[in-house]
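Student: So that we are looking at the same thing, I have put the structure below in structure tokens.
What follows draws every value from the coordinates through simple rules; no lab data is involved. Source: prediction; values computed, not measured. Positions of Cβ are backbone-derived with ideal geometry, glycine not excepted, and every protein chain shown enters the neighbour counts.
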Amino acid sequence: MQTILGANGPIGVELAKELKRNFTSDIRIVSRKPVKVNDIDTTLPADLSVKENAMQAVKGSAIAYFTLRLPMNTALWEQQFLLITRNIIDACKLHGTRLVFFDNTYMYPQDGRILKEDTVFAPVGRKGRVRQAMAEMVLQEMQSGQLEVVICRAPEFYGPGKTQSITNSMIFDNIKKGKKLKLPLSANKKRSLIWTPDASRATAWIGNAADTFGQTWHLPVDESHPTYKELIVLAAEVYERKLQYTVIPKFVFKIGSIFNKQLRELQELLPRYEHDNIFDDSKFRKRFSDFGVTSYREGIEHIREEQRR
């Protein structure tokens, strides 16, 4: 059996689909309010901050995927994420379960350097420090040899369905609403975005490979690394209409954060939009040369079709 912890977010849902397509029909879905993705999935409601629940969630699993997400709330992250990570690690060690840890890039520097698996952590804010501590906890277990674990790391998402990201909310959601698009800080910095289903598929491939554990892997992106301006030009071609945009400067976000909690939570992520933000996935591409990465055109076409339904 393979278990998805935090299974009803966009990563977990697509992961369950990919596991069923290519790897196993014996899938357990775990979250506070789990919902089957495939008809024959089993479900287990669990608050993973409670150690006994984490133990029960992992029990009997050959592989457990940590895809759990929390609301964008710094205090909640500080209260819950490290506790949940420790509980899952301990549960996997007790039950002899391999752990696939789905990670983000919040702990990386936001200064324009190309991001690689060995890039030194240099988080900007509190959420980044939480993610650094989580990753370091996993790396310690990896180095100790007491747990078979692999880290799958993804940059900012864009994608279909319930995908949540700055790019989706400021660009694609506004296209659907017929509103002017909003770009954070710059239209001319190169970006690496990952198509959400690609992130899930790649995680399944890594989790079911014989030679991937004990390592960190950057998940695959379209290597064109477009600027937001270039992405909007492409979107205009796909949607076959003119798209207007405006660049939101940093001081507007800062003023808005005084009154808006969501903008306040975004403050520590803004530096990445002042610089090129390029994610190196060459290690994955070399190992999984037959993995088909979704191009930006293909992704945007899919979003457009979904919005028309």
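Student: Where in segment 43-84 is the amide nitrogen less than 11 Å from a point lying 7 Å along the Cα-to-Cβ axis of Lys261?
Tutor: 72-76
Student: Something else about it: Let me know the charge dipole size of the chain about its Cα centre in debye, to the nearest 20, where only the beta-carbon of Lys, Arg (+1) and Asp, Glu (-1) is charged.
Tutor: Approximately 1040 debye in magnitude.
Student: First select every other residue whose beta carbon is under 10 angstrom from the beta carbon of Ile63; then total the charges, Lys and Arg +1, Asp and Glu -1.
Tutor: 0
Student: Over what distance in Å are the Cα centres of segment 234-298 and segment 204-227 separated?
Tutor: When both Cα centres are located, 19 Å separates them.
Student: Can you tell me how much longer the chain between Met1 and Thr24 gets when fully stretched, taken as 0.36 nm per residue apart minus their C-alpha distance, in nm with one decimal?
Tutor: Extending this stretch completely gives an extra 7.5 nm.
Student: Shape verdict for segment 225-309, please, from the Cα gyration tensor: rounded (a/c under 1.5), prolate (a/b greater than b/c) or oblate.
Tutor: Oblate.
Student: Which longest run of the chain has no exposed loop site in it, a site being GluC sites (Glu not before Pro) in a DSSP loop with at most 14 other beta carbons within 10 Å, and the site itself not part of the run?
Tutor: 1-222
Student: If you don't mind, there's one more thing I want to ask. Reachable lysines from Lys20, Cα under 22 Å, same-chain residues fewer than 8 places away excluded?
Tutor: Lys33, Lys36, Lys59, Lys162
Student: Shape verdict for segment 49-204, please, from the Cα gyration tensor: rounded (a/c under 1.5), prolate (a/b greater than b/c) or oblate.
Tutor: Prolate is the answer for segment 49-204, as a/c is 1.5 or above and a/b outweighs b/c.
Student: Next up: Enumerate the residues in segment 12-43 having an amide nitrogen under 15 Å from the point lying 7 Å beyond the Cα of His95 toward its Cβ.
Tutor: Correct set: 26-32, 42-43.
Student: Something else about it: Using a Gaussian network model of the chain with C-alpha springs under 10 Å, which one of Gly12, Gly214, Gly256 is most mobile by mean-square fluctuation?
Tutor: With Cα springs under 10 Å in the chain, the top fluctuation among Gly12, Gly214, Gly256 is at Gly256.
Student: Separation of segment 79-117 and segment 132-157 by C-alpha centroid, Å?
Tutor: Rounded to whole Å, the Cα centres lie 5 Å apart.
Student: Another question about this same structure. Using the Cβ atoms and a cut-off under 12 Å, what net charge is assigned to the surroundings of Glu230, where Lys and Arg are +1 and Asp and Glu are -1?
Tutor: Local net charge: +3.
Student: Can you give the local net charge around Gly256? Use residues other than it whose beta-carbon is closer than 12 angstrom to its beta-carbon, Lys and Arg +1, Asp and Glu -1.
Tutor: Combined, the nearby Lys, Arg, Asp and Glu give +4.
Student: Next question, about the same structure. Can you give the % of DSSP beta bridges in segment 136-264 that are antiparallel, to the nearest 5?
Tutor: Antiparallel bridges: around 10 percent, rounded to the nearest 5.
Student: Ok, one more. Is the shape of segment 192-249 rounded, prolate or oblate, going by the alpha carbon gyration tensor and its root eigenvalues a ≥ b ≥ c, with a/c under 1.5 for rounded and a/b larger than b/c for prolate?
Tutor: It comes out prolate by the Cα gyration axes.
Student: Given R₀ = 30 Å, what would the calculated FRET efficiency be for Leu82 paired with Lys33, taking r from the Cβ atoms and rounding to 0.05?
Tutor: Once rounded, the FRET efficiency stands at 0.85.
Student: Kirkwood Rh over alpha-carbon pairs of the chain, then Stokes-Einstein at 20 °C and 1.002 mPa s: what D in µm² s⁻¹, rounded to an integer?
Tutor: Approximately 107 µm²/s, per Stokes-Einstein.
Student: For a bin width of 10 Å, list the pair-distance distribution of segment 9-53 built from all Cα-Cα distances, rounded to whole %.
Tutor: P(r) over segment 9-53, rounded to whole percents: 28, 51, 19, 1.
Student: In the chain, what percentage of the DSSP-assigned beta bridges are antiparallel, given to the nearest 5?
Tutor: Percent antiparallel among DSSP bridges in the chain is about 5.
Student: Taking the Kirkwood radius as the inverse of the mean 1/r across Cα pairs, report the Rg/Rh of segment 125-233.
Tutor: Taking Rg over the Kirkwood Rh, I get 1.05.
Student: Among Ala62, Ala235, Ala154, which one moves the most in a GNM of the chain with springs linking Cα atoms closer than 10 Å?
Tutor: Ala62
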